[in-house]
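I have placed the structure first, in the form of structure tokens, so that the comments after it can refer back to it.
The values are calculated or read from the model by the stated rules, or taken from the named source; none is laboratory data. Please read all numbers here as calculations on a predicted model, not as lab measurements. Positions of Cβ are backbone-derived with ideal geometry, glycine not excepted, and every protein chain shown enters the neighbour counts.
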Amino acid sequence: MRSTTGRVRLVRWGAATAAAVTLLPASAARAVPFGEDAVASLGGAALHLAAHGETGPNFPCVARAFDPTAPPDAEGWGPTDVNAQTANGRLAAGVSRSATLTVLRWPSPSYYDQIKYYTVDRRLPLLGAKPNEGAFLGVVVGGRTLWLRDFPRSRQRYPTSRGDEVITEFSDPARRLRVVVRDVAPRGVDALIRRVEVRSAGARRAVRPRALVAFENFNLVVSKLPAAPLLDFCNEELNADSARYLPGADAIVHERSGVDASTGKRSSVAVAMAFARLSAPAKLARARRGIDWIAHVQATPDTHVLGETWRVARGRVLTYTATPHLWEHTLFYLAMLETYGAER
């Protein structure tokens, strides 16, 4: 599957709740091939262009940087769409003002950009990047996905001067909807964690989002060229990787292997996206039926006390109430929040 396609994940939730999206590189000591006809350095790429008079599929940004017909204010290497960043020494993530993930470097903050986001001109929407590039979030309202980057209002900040967490707040006054995205690369963990909180402003007329949608367009590349730090994104159009869904982990995993041009050694990389909570609609529906059964069938009808002892007799579940235990009701409450969010 080509990396230009991208992948989407969806998790259902309540109107005012939170979920976490994790972008997790699988630890690997090997990298991907740069390309069969790749050159050895940035200077080599420029010399190749001069000698052959061609751009070639490997050198689109190099050709643009040395294009004599480009306007004086053209940015040959493309503008940088990064307004905030979070890093932990191995993984570095850059996000735009609208919390779109535009940079995901791992296992070094200096190279191997694992996200596809190719900009060309800051005067264009998304600075010229394609609509399906990067990684971004949305909420489902009325059967329609509303991408957060399209919300009418947003602001971004660091909550503290010493912290590395990035907070982006989105609001839609017409729908009375507020979404907060918290991005952080925790120390000692090869992962970017995106915590999403959705709140409806006003109980009656506010919309109720039914799901969170996460989209990613990974660009697996761990091969680099000496003295050419820009060519990992220059060759994004050439990169292709395989992606598969792992039901047990409830995650989408991208993988690629080959030879690192800078070392000549075999290398491999894997990057995954997953929700921190259950995302399969069928499994979630079964969990909700179980919660409803406990609340409306097994609990006492007037006081809603849960039984301490449970027995199965002749195919029926029988509960026997005794002295109420706090932990039973606490676990039920937490299970209800996990399956329904805060809508009940």
| query | Just checking, which of Ser242, Ser223 is at pLDDT 75 or above, among the hydroxyl-bearing types (Ser, Thr, Tyr) and surrounded by fewer than 21 Cβ atoms within 10 Å (Cβ to Cβ)? | reply | Ser242
| message | Looking at the structure I just gave you, is Ala84 of a type outside the set (S, T, N, Q) and at pLDDT 90 or above? | response | yes
| said: Please go through the range 298-332 and give me each residue that is modelled with pLDDT of 75 or more, under 21 Å from Ala287 (Cα atoms) and among the small types (Gly, Ala, Ser), ordered by number. | reply: Ala299, Gly315
| Restricting attention to the range 157-166, does a residue exist that is at pLDDT 90 or above and either farther than 19 Å from Ala84 by Cβ or of a type in the set (S, T, N, Q) (or both)? | yes
| remark: Taking the range 116-170 and the residues there that are aliphatic (A, V, I, L, M) and under 23 Å from Val184 (Cβ atoms), the one that is surrounded by the most Cβ atoms within 10 Å (Cβ to Cβ) would be Ala135
| remark: Selection from the range 113-126 of residues touching a Ser or Thr at 6+ places or on another chain (Cβ under 8 Å) and within 18 Å of Met273 (Cα to Cα) yields Ile115, Lys116, Tyr117
| request: Report, ordered by the first and then the second residue, all pairs with beta carbons closer than 9 Å, sequence separation of six or more or different chains, a first member in the range 167-187 that is at positive phi and modelled with pLDDT under 95, and a second member that is outside any strand (DSSP E or B) and basic (Lys, Arg). | output: Arg176/Arg205
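The rows are residues; the columns are (1) modelled with pLDDT of 75 or more; (2) surrounded by fewer than 20 Cβ atoms within 10 Å (Cβ to Cβ); (3) assigned to a loop (DSSP other than H, G, I, E, B).
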residue	(1), (2), (3)
Arg194	yes, no, no
Val198	yes, no, no
Ala203	no, yes, yes
Asp232	no, no, no
Glu237	no, yes, no
Ile252	yes, yes, no
Arg256	yes, no, no
Ala261	yes, no, yes
Gly264	yes, yes, yes
| message | Condition (residue is in the same structural domain as Arg256 (by TED's automatic domain parsing), closer than 22 Å to Glu133 by Cα, in a strand (DSSP E or B) and of a type in the set (Lys, Arg)) applied to the range 157-178: is it met by at least one residue? | response | no
| task | Could you list, in sequence order, all residues of the range 205-220 that are modelled with pLDDT of 70 or more and either over 22 Å from the mean Cα position of the chain (by Cα) or not charged (D, E, K, R) (or both)? | result | Val207, Arg208, Pro209, Ala211, Leu212, Val213, Ala214, Phe215, Asn217, Phe218, Asn219, Leu220
| remark: The number of residues in the range 266-293 that are modelled with pLDDT under 85 and aliphatic (A, V, I, L, M) is 8
| task | Would you be able to tell me the number of residues in the range 93-117 that are over 17 Å from the mean Cα position of the chain (by Cα) and in a loop (DSSP other than H, G, I, E, B)? | result | 2
| Which numbered condition Val179 fails, given (1) touching a strand residue (DSSP E or B) at 6+ places or on another chain (Cβ under 8 Å); (2) under 26 Å from Cys234 (Cβ atoms) | (2)
